[in-house]
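Participant: I'd like to ask some things about the structure below.
The values are calculated or read from the model by the stated rules, or taken from the named source; none is laboratory data. Quick caveat: nothing in here was measured; it's all calculated off a predicted structure. Don't worry about glycine lacking a Cβ; one is built from the backbone with ideal geometry, like all the others, and counts go over all protein chains shown.
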Amino acid sequence: MPQKDPIKVYDARWEMDEFSDDDVRRLFEAALTYGRDLGADTVTLARDGRLGAAHVMELAAEAATRMGFRLFVCPEPISTPQSYFATLSVSREHPSTMGLTITASHNPKQYVGVKFTVPVVQAIGLDCGPQGGLTRIRQIYHSSQKFPGRSGGQRHLLDVGREYADFSMAQAGIGPQDLSGLSVVLDAFNGSAGPELLAALERAGVRVAPLHLIPDGRFLNGLPNPTSRGKMACAVELAGRQDCSAVIGVDGDGDRIVFGDRRGILNAGFAAIPVLRACGRDDQSGQSRLVLYDPKVNPPALLEWRKLDIQPVLFRNGHSQIKDHMQRIGALAAVEESGHYYHKITMGDLAVSCENSLMTILLFLGAFKNQPTLLDDLWRLQEQVATTGEFNYRFDDNEIRDRALGAVVDCLADDGAAVVTHSSDGIDLEGTLLSKGVVLNDDVVTLTPGWYRGYLRVATTESGVLRSYFSADKEQDATRLEKQTRHILDNQFGGTAVD
């Protein structure tokens, strides 16, 4: 039995030399056994463009066919959102379909991993999903269980690229050439989403100036994460030189998006406003629409959401957990300040909660086309808020990290900040939310001059790492909070700043 496993909170993720082929094969065998226990008889298999993905895909395909599954393989690199669409598409004919996407998202080039869905396109995580989701897969992985072969395994190639584009454009209400006159810089960071986004945007009439378009798992320009500090600088500068209307960046597997223009990059809470307005355009119920937000979304953005008759619902970070909770409460959408946008998506009788980055981008650009002052309006809102961006520190061990976190919390509590670790309905935020001068309830967002809000959490995929983020009423307050926090983490506990 393996002594360690690659399973994290939201998915499986590991460095390429960390596990043997036998270990990785056993991970897939455990996942497929779990899927079969749920009634799955069909598997979709997709990958992004990172270095280790093709080999891991081969191991997964071998395991699925040997164990007797009907297998649909997307052999070329595609985005994670397109992989979810592929699983949804196959589920129309084969409703008991499990999805496996080989990706390590925005992690460095030496990482690889897997995201899992069970019927129907339900994301799973630790203690999230039927029978505990990844917790159950972990139990099977570490058991003495054997995985005998079965007859009937079939392998089919699958290409849904054009269908994905058609579907996403229809969902966004965008037809060919509808967005003519718009020009954008698209930085794909050599991830898998670049070609599919470029093709669809050009079909919609957008003039695209591409950066780092070709999938290249070496990620020669560094971490493929558009939300990291300075990562969008080249795109912003190019927008100014080429007189482009907007800037868009996506991460390594295309499920994380940033929006902006030659002035810089918008906070996701503000960028979400036109997307959420468009998502609800066909809703005639007159009722508030539920939209999940993570603790980093700034309060003034939530105030603007309320003006759209949207009911913001505080929830923890975590892709699988967010999508699961969306399904539970019937949410229209969800937004994370890290650039993740989630939608309730229907295809015939099937309804799922997942990312569709192409649809999100088209909704944003469609709103911009209809409202030429949109970016000016969003920048006026953003100028009301100062944010630090996320800054991370690594410590020698988790015990030191936890003491450092406690020291920051104590310092801000002494300053009068309220400390919150659970949402109003008792859900663990998996971190600590600190607020001063902020009152949020179902109907009212109240901000006192000098307000601030911070969120600190431990990294779920890296040992000894603490992540911190602040938003504030004034730039000097955001600067003070960051300086104060860095002093505690660095000088008092010997932390090292990391990307």
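Participant: For segment 130-140, how many residues are of a type outside the set (A, V, I, L, M, F, W, C), in contact with a strand residue (DSSP E or B) (Cβ under 9 Å, 6 or more places away or on another chain) and closer than 17 Å to ALA40 by Cβ? So that I can check it myself, show each step before the final result.
Facilitator: Taking segment 130-140 as the starting set, the residues that turn out to be of a type outside the set (A, V, I, L, M, F, W, C) are 130-133, 135-136, 138-139.
With in contact with a strand residue (DSSP E or B) (Cβ under 9 Å, 6 or more places away or on another chain) added as a condition, the list becomes 130, 132-133, 135, 138.
Okay, now just the ones that are also closer than 17 Å to ALA40 by Cβ, so 130, 132-133.
Of the residues in that region, 3 qualify.
Participant: Among the listed residues ALA200, ALA170, which satisfies the condition of being within 24 Å of the chain's Cα centre (by Cα), hydrophobic (A, V, I, L, M, F, W, C) and buried (at least 16 other Cβ atoms within 10 Å of the Cβ)?
Facilitator: Numbers: ALA170 fails: buried (at least 16 other Cβ atoms within 10 Å of the Cβ).
The conditions single out ALA200.
Participant: Restricting to segment 33-52, name every residue that is surrounded by fewer than 24 Cβ atoms within 10 Å (Cβ to Cβ) and either of a type in the set (A, V, I, L, M) or touching a Gly at 6+ places or on another chain (Cβ under 7 Å) (or both).
Facilitator: Quick first cut of segment 33-52, residues surrounded by fewer than 24 Cβ atoms within 10 Å (Cβ to Cβ) only: 33, 36-42, 51-52.
Hits for segment 33-52 are LEU38, ALA40, LEU51.
Participant: Which residues, taken from segment 456-481, are within 11 Å of ASN398 (Cα to Cα) and in a strand (DSSP E or B)? It would help to see each step written out before you state the result.
Facilitator: Step one: of segment 456-481, the residues within 11 Å of ASN398 (Cα to Cα) are 458-459, 462-466.
Correct list: VAL458, VAL465, LEU466.
Participant: If you go through segment 244-271 one residue at a time, how many are farther than 17 Å from VAL385 by Cα and either modelled with pLDDT under 95 or β-branched (Val, Ile, Thr) (or both)?
Facilitator: 5
Results for (1) surrounded by fewer than 17 Cβ atoms within 10 Å (Cβ to Cβ); (2) at positive phi, shown as yes or no for each residue.
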position: HIS319; (1), (2): no, no
position: GLY348; (1), (2): yes, yes
position: PHE364; (1), (2): no, no
position: GLN371; (1), (2): yes, no
position: LEU374; (1), (2): no, no
position: LEU381; (1), (2): no, no
position: LEU405; (1), (2): no, no
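Participant: Now for a different question. Are any of the residues in segment 448-459 free of Cβ contacts under 8 Å to residues at least 24 places away in the same chain and over 24 Å from SER423 (Cα atoms)? Show your work before the answer.
Facilitator: Step one: of segment 448-459, the residues free of Cβ contacts under 8 Å to residues at least 24 places away in the same chain are 448.
If we keep only those that are over 24 Å from SER423 (Cα atoms) as well, we get none.
No, because not a single residue in segment 448-459 is free of Cβ contacts under 8 Å to residues at least 24 places away in the same chain and over 24 Å from SER423 (Cα atoms).
Participant: Look at segment 482-493 and say how many of its residues are in contact with a helix residue (DSSP H, G or I) (Cβ under 6 Å, 6 or more places away or on another chain) and either in a helix (DSSP H, G or I) or among the β-branched types (Val, Ile, Thr) (or both). Full working, then the answer.
Facilitator: Filtering segment 482-493 for residues in contact with a helix residue (DSSP H, G or I) (Cβ under 6 Å, 6 or more places away or on another chain) gives 485, 488-489, 493.
Keeping just the survivors that are either in a helix (DSSP H, G or I) or among the β-branched types (Val, Ile, Thr) (or both) gives 485, 488-489.
Qualifying residue count for the region: 3.
Participant: Can you name every residue in segment 123-142 that is more than 15 Å from ASP37 (Cα to Cα) and out of contact with any Asp or Glu (no Cβ under 6 Å at 6 or more places or on another chain)?
Facilitator: Filtering segment 123-142 for residues more than 15 Å from ASP37 (Cα to Cα) gives 123, 125-128, 142.
Selection gives ALA123, GLY125, LEU126, ASP127, HIS142.
Participant: Under the condition of being farther than 24 Å from ALA12 by Cβ and modelled with pLDDT under 95, which residue from segment 141-159 is surrounded by the most Cβ atoms within 10 Å (Cβ to Cβ)?
Facilitator: The initial filter retains those residues of segment 141-159 that are farther than 24 Å from ALA12 by Cβ, namely 151-152, 154, 156-157, 159.
Of the ones still in play, those that are also modelled with pLDDT under 95 are 151-152, 154.
Details: SER151: 6, GLY152: 10, GLN154: 12.
Selected residue: GLN154.
Participant: Shifting gears a bit: Mind checking which residues of segment 80-107 are out of contact with any Gly (no Cβ under 8 Å at 6 or more places or on another chain) and either assigned by TED's automatic domain parsing to the domain that holds GLY222 or closer than 27 Å to GLU462 by Cα (or both)? Break it down into steps so the answer makes sense when it comes.
Facilitator: First pass over segment 80-107, keeping only residues out of contact with any Gly (no Cβ under 8 Å at 6 or more places or on another chain): 85, 88-91, 93-95, 97, 99-101.
Once the filter is applied, which keeps residues that are out of contact with any Gly (no Cβ under 8 Å at 6 or more places or on another chain) and either assigned by TED's automatic domain parsing to the domain that holds GLY222 or closer than 27 Å to GLU462 by Cα (or both), segment 80-107 yields GLY99, LEU100, THR101.
Participant: From GLN131, GLN110, which residue is outside the structural domain of PRO215 (by TED's automatic domain parsing), on the phi > 0 side of the Ramachandran plot and polar (S, T, N, Q)? It would help to see each step written out before you state the result.
Facilitator: Numbers: GLN110 fails: on the phi > 0 side of the Ramachandran plot.
The match here is GLN131.
Participant: Related question: Specify which of the listed residues (ARG155, ARG150) is in contact (Cβ under 8 Å) with a residue 24 or more places away in the chain, part of a strand (DSSP E or B) and not assigned by TED's automatic domain parsing to the domain that holds CYS234.
Facilitator: ARG155
Participant: Take the residues in segment 3-38 that are outside any loop (DSSP other than H, G, I, E, B) and small (Gly, Ala, Ser); name whichever of them is nearest to the chain's Cα centre (by Cα).
Facilitator: ALA12
Participant: So, one more: Would you tally the residues in segment 39-78 being closer than 20 Å to GLN110 by Cβ, touching a residue at least 40 places away in the same chain (Cβ under 8 Å) and more than 23 Å from the chain's Cα centre (by Cα)?
Facilitator: Number of matching residues: 1.
Participant: Can you find, within segment 442-456, the residue that is surrounded by the most Cβ atoms within 10 Å (Cβ to Cβ) among those that are charged (D, E, K, R) and modelled with pLDDT under 95?
Facilitator: Taking segment 442-456 first, the residues charged (D, E, K, R) are 442-443, 453.
From what's left, modelled with pLDDT under 95: 442-443.
Details: ASP442: 10, ASP443: 8.
Among residues in segment 442-456 that are charged (D, E, K, R) and modelled with pLDDT under 95, the one surrounded by the most Cβ atoms within 10 Å (Cβ to Cβ) is ASP442.
Participant: Now for a different question. Of VAL438, VAL408, which residue is touching a Leu at 6+ places or on another chain (Cβ under 7 Å), modelled with pLDDT under 95 and not hydroxyl-bearing (Ser, Thr, Tyr)?
Facilitator: Details: VAL408 fails: modelled with pLDDT under 95.
Checking each option against the conditions leaves just VAL438.
Participant: In the set ALA417, ALA478, ALA472, which member is modelled with pLDDT of 95 or more and out of contact with any Leu (no Cβ under 7 Å at 6 or more places or on another chain)? Please lay out each step first, then the result.
Facilitator: Working: ALA417 fails: out of contact with any Leu (no Cβ under 7 Å at 6 or more places or on another chain); ALA472 fails: out of contact with any Leu (no Cβ under 7 Å at 6 or more places or on another chain).
Going through ALA417, ALA478, ALA472 in turn, just one is modelled with pLDDT of 95 or more and out of contact with any Leu (no Cβ under 7 Å at 6 or more places or on another chain): ALA478.
Participant: I've got another one for you. Within segment 325-342, is even one residue on the phi < 0 side of the Ramachandran plot, of a type in the set (Ser, Thr, Tyr) and surrounded by 24 or more Cβ atoms within 10 Å (Cβ to Cβ)? Give the derivation first.
Facilitator: Let us first name the residues in segment 325-342 that are on the phi < 0 side of the Ramachandran plot, namely 325-329, 331-338, 340-342.
Cutting the leftovers down to of a type in the set (Ser, Thr, Tyr) gives us 338, 341-342.
Filter once more, so that each one left must be surrounded by 24 or more Cβ atoms within 10 Å (Cβ to Cβ): 341-342.
Yes; the residues of segment 325-342 include at least one that is on the phi < 0 side of the Ramachandran plot, of a type in the set (Ser, Thr, Tyr) and surrounded by 24 or more Cβ atoms within 10 Å (Cβ to Cβ).
Each row is one residue, and each column tells you yes or no for (1) in contact with a helix residue (DSSP H, G or I) (Cβ under 7 Å, 6 or more places away or on another chain); (2) touching a residue at least 60 places away in the same chain (Cβ under 8 Å); (3) polar (S, T, N, Q).
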site	(1), (2), (3)
SER83	no, no, yes
VAL112	yes, yes, no
LYS115	yes, yes, no
THR135	no, no, yes
ILE140	yes, yes, no
LYS146	no, no, no
ASP166	no, no, no
ALA172	yes, yes, no
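Every residue, every condition in (1) buried (at least 24 other Cβ atoms within 10 Å of the Cβ); (2) among the β-branched types (Val, Ile, Thr); (3) in contact with a His (Cβ under 6 Å, 6 or more places away or on another chain), yes or no:
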site: GLN3; (1), (2), (3): no, no, no
site: ALA31; (1), (2), (3): yes, no, no
site: CYS74; (1), (2), (3): no, no, no
site: LEU88; (1), (2), (3): yes, no, no
site: HIS94; (1), (2), (3): no, no, no
site: LEU100; (1), (2), (3): yes, no, no
site: PRO108; (1), (2), (3): no, no, no
site: TYR111; (1), (2), (3): no, no, no
site: VAL114; (1), (2), (3): yes, yes, no
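Participant: Right, next: Considering only segment 353-370, state which residues are more than 16 Å from the chain's Cα centre (by Cα) and touching a residue at least 24 places away in the same chain (Cβ under 8 Å). Give the derivation first.
Facilitator: Pass one, segment 353-370, residues more than 16 Å from the chain's Cα centre (by Cα): 362-370.
Those that are more than 16 Å from the chain's Cα centre (by Cα) and touching a residue at least 24 places away in the same chain (Cβ under 8 Å): LEU362, LEU363, PHE364, LEU365, GLY366, ALA367, PHE368, LYS369.
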